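The values are calculated or read from the model by the stated rules, or taken from the named source; none is laboratory data. The structure displayed is predicted, hence computed values, not measured ones. Backbone-built Cβ (ideal geometry, glycine too); neighbour counts: all protein chains shown. Each accessible area value is taken on the protein alone, full model and side chains, heavy atoms only, with ligands, DNA and RNA left out. Shrake-Rupley method; radii C 1.70, N 1.55, O 1.52, S 1.80 Å.
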Amino acid sequence: FFLFFAEVDVKALPLDESTNPFGNAFGAAATLLETEREGQREVEPSLARTWRIFNPSKVNPVSHKPIGYKLVCQAQPLLLTHPSSAVSRRGAFATKSLWVTRHTDGQFFPAGEYTVQSKGQGEGLPEWTKDGGKSIVDTDIVLFHSFGVCHIPRPEDFPVMPCESTGFMLVPDSFLSCNPGIDLPEDRSTMSKCCSGG
């Protein structure tokens, strides 16, 4: 089980004669997020922001970090419609890049059960997290990641739009002691020949 959630930002380290004399060092700074209010997050590309879901009771022997997963998101703007519009009222889940909630049975639809037919009164995630004070520490948590594209049409999209890509990665972080691909058998090409005759 993964019971804890942290935001990880990459920041420049201060100049220091012994640890950063040339000013080219930077490092990851993790912040434990403890409540559903704190769990409402936004992508921040200038900080290479990622999020970790982890179990502190299991520590990787190499990295000395708890095993977990890292959520890596693409940088796209949040919902661009006016807050008073029907789209924004019905799609309030899209006003944040990430929502982290305590697991609660029956919470399946982050936009509400009937998004298009809703009254736009904060169904789904806004309703589930309205008090904001529920702890997300040492409990089963659920991540709701909102992502999409901001597409401005161009002549090349007509009459058929070729492709627009978006996505995210959920990758293991400190599960293994090395890259699992290292022990693959070596690929020997019979077509390659050494120019020196060796």
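With every protein chain left in place, what is the accessible area of Y114 in Å² (1.4 Å probe, nearest 10)?
150
If you average 1/r over all unlike Cα pairs in region 1-90 and invert the result, what Kirkwood radius do you get in angstrom? Mind showing how you got there, number by number?
Numbers: mean 1/r = 0.0631 Å⁻¹.
By the Kirkwood definition, the hydrodynamic radius is 15.9 Å.
Give me the percent of Cα-Cα pairs in region 5-56 that sit more than 17 Å apart, rounded to a whole number.
Looking at region 5-56, the distances longer than 17 Å represent 46 percent of pairs.
Taking amide hydrogens as modeled 1.01 Å from N in the peptide plane, which residues meet the under 5 Å criterion relative to K134, leaving out close sequence neighbours?
E36, R37
Tell me, what is the per residue accessible area of the chain in Å², probe radius 1.4 Å?
Computed with neighbouring chains in place, this is 69 Å² per residue.
Report, in debye and to the nearest 20, how large the dipole of region 1-118 comes out about its Cα centre when Lys and Arg carry +1 and Asp and Glu carry -1 on their Cβ.
Details: 12 positive and 11 negative charges, 57 e Å.
Magnitude of the dipole: close to 280 debye.
Going out from 0 in 10 Å bins, what whole percent of all Cα-Cα distances in region 122-170 drops into each bin?
16, 31, 24, 18, 11, 1
Give the Rg/Rh ratio for region 108-147, taking Rg as the radius of gyration of the Cα atoms and Rh as the Kirkwood radius, to two decimals.
Ratio value, two decimals: 1.02.
Karplus couplings for region 94-102 from phi (6.51 cos²θ - 1.76 cosθ + 1.60, θ = phi - 60°), rounded to Hz, Gly and Pro as x?
Rounded to whole hertz, the list is 8, 8, 10, 6, 8, 10, 10, 10, 5.
Residue separation times 0.36 nm, minus the C-alpha to C-alpha distance between I152 and E186: what's the value?
Full-extension gain reported as 7.6 nm.
Given only helices, namely DSSP H runs of n ≥ 4 each adding -39500 (n - 2.57), what is the per-residue ellipticity at 222 nm of the chain, to the nearest 500 deg cm²/dmol?
Dividing the helical sum by the residues of the chain leaves -1000 deg cm²/dmol.
Between region 52-88 and region 128-154, what is the C-alpha centre distance in whole Å?
Measuring centre to centre over Cα atoms gives 9 Å.
Under 5 Å between amide H atoms, partner at least 5 residues away or on a different chain: which partners does V59 have, H built in plane at 1.01 Å?
Long-range HN contacts for V59: I67.
L170 to L80: FRET efficiency via 1/(1 + (r/R0)^6), r the Cβ-Cβ distance, R0 25 Å, to the nearest 0.05? All intermediate terms of the calculation are to be shown ahead of the outcome.
Numbers: r = 26 Å, r/R0 = 1.03.
Plugging the Cβ-Cβ distance into 1/(1 + (r/R0)^6) gives 0.45.
Using the Kirkwood radius built from alpha carbon pairs, what does the Stokes-Einstein equation give as D for region 104-198 at 4 °C and 1.567 mPa s, in µm² per second?
So the translational diffusion coefficient is about 64 µm²/s.
Using the Karplus equation 6.51 cos²θ - 1.76 cosθ + 1.60 (θ = phi - 60°), what ³J(HN,Hα) coupling, rounded to whole Hz, does each residue of region 81-87 give in order, writing x for Gly and Pro?
6, 4, x, 8, 6, 4, 4
Leaving out ligands, DNA and RNA, what percent of the accessible area of the chain is carbon and sulfur, probe 1.4 Å? Numbers along the way, then the final one.
Working: 7900 of 13610 Å².
Percent of accessible area from carbon and sulfur atoms in the chain: 58.
Where does the chain land on Rg(C-alpha)/(2.2 N^0.38 Å)?
It is 1.36.
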